[in-house]
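Quick notes on the structure that follows.
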């Protein structure tokens, strides 16, 4: 049977063994935490950009379509069957060329009938003129007889009445002849309208009527074809209401086409139509400008990507917009003078004026420059033309300097003699 001393010794050994186990666990945990902290130190890596020279443009973009600047829709002024069409789409025509013919049988018959009626009226006029001469002779005879008291007063009055009647009949016939001549001119014009001629030089770009078709001008004037002068085209660009205030008449503009392989056509803004077009609740204004088309590469209804140049600069220092920090706007005078906020709140705020980007002048901004020693310093600069991506630097930076554009990532910075986690654990 174990003694009291032996029991005490066994209990003491078990307790000491437990303490060593706990102490070992704490030591191992502390080493793990130290290793994690040792490999987990983080350092900030900044994204930088180099100040370099280039070109910059502040653009207003829009989509548009091409249309001929000068064109005319050729229609028919008389009804009838379209018997002959002398042109086709793409035909080059000159002013006065015969384009089409309408069946003129009815109009020719009307002209012949009116001419015959006119000849009849002229023949009747000759007869009335002969009767007028006879009435004049008879009246003169009766006057002479009356002087010699050889005739009665009734015979003289009858001769005078016959003379006046002959004159009236001649005037009536002359009026009828003028009326028939006017009708004849109208019938001859209708006969001439049966032959349709080109009103201008150009190209036949579309034909809406076909040979053999019956044209009816009583309801509406039918359009046969369209002639356009393709030497000068007009671009109709649709600009949103948010950008229309940035456009000015005469500003530089260029556009590209889908099949133009990046070629640019340059021009100047001619006019802005005041009446908008609402498309799917979007308000769009038409901005138009002309462009020469001597080679005929631009065609009707081509889709264009239009770029209005609000401001531009060539061969200047450029930096990304993300590197700039612009100054806060200046406070109003009453705020700088310490006027109570309640009084300022009662005043009606003034609407900001829209300024042209080219006339706004330089703006103040700050950038962070990474110098040769790796130290970041804050520097004031003057900014000129800007767009959504880049900004022109007028003063404050030199070509080739590195500027901070943001934080690229946070990376672990291992200390000297640090090894990967895997091999350390294997040891």
- prompt: Any residue in the range 90-104 that is out of contact with any strand residue (DSSP E or B) (no Cβ under 7 Å at 6 or more places or on another chain), farther than 30 Å from residue 209 by Cβ and surrounded by fewer than 17 Cβ atoms within 10 Å (Cβ to Cβ)?
  reply: no
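Let's see how each residue does on (1) within 30 Å of residue 364 (Cα to Cα); (2) in contact (Cβ under 8 Å) with a residue 24 or more places away in the chain:
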site	(1), (2)
224	no, yes
235	no, yes
252	yes, yes
280	no, no
296	no, yes
304	no, yes
327	yes, yes
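Based on this model, can you work out whether residue 282 counts as more than 13 Å from the chain's Cα centre (by Cα) and in the same structural domain as residue 247 (by TED's automatic domain parsing)?
On the way: more than 13 Å from the chain's Cα centre (by Cα): yes; in the same structural domain as residue 247 (by TED's automatic domain parsing): yes.
In short, yes.
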query: Can residue 237 be described as modelled with pLDDT of 95 or more and farther than 21 Å from residue 77 by Cβ?
result: yes
message: Please verify whether residue 108 is surrounded by 12 or more Cβ atoms within 10 Å (Cβ to Cβ), farther than 30 Å from residue 242 by Cα, touching a strand residue (DSSP E or B) at 6+ places or on another chain (Cβ under 8 Å) and not assigned by TED's automatic domain parsing to the domain that holds residue 240, treating the condition exactly as stated.
response: no
message: Yes or no: the range 197-218 includes at least one residue that is in contact with a helix residue (DSSP H, G or I) (Cβ under 7 Å, 6 or more places away or on another chain) and either surrounded by fewer than 19 Cβ atoms within 10 Å (Cβ to Cβ) or under 25 Å from residue 114 (Cα atoms) (or both).
response: no
statement: Of the residues in the range 142-154, those that are surrounded by 14 or more Cβ atoms within 10 Å (Cβ to Cβ) and in a helix (DSSP H, G or I) come to 142, 145, 146
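The values are calculated or read from the model by the stated rules, or taken from the named source; none is laboratory data. Since the model is a prediction, treat every value here as computed from it, not as a measurement. Methodologically, a virtual Cβ is constructed for each residue, glycine included, from the backbone with ideal geometry; neighbour enumeration extends over all protein chains shown.
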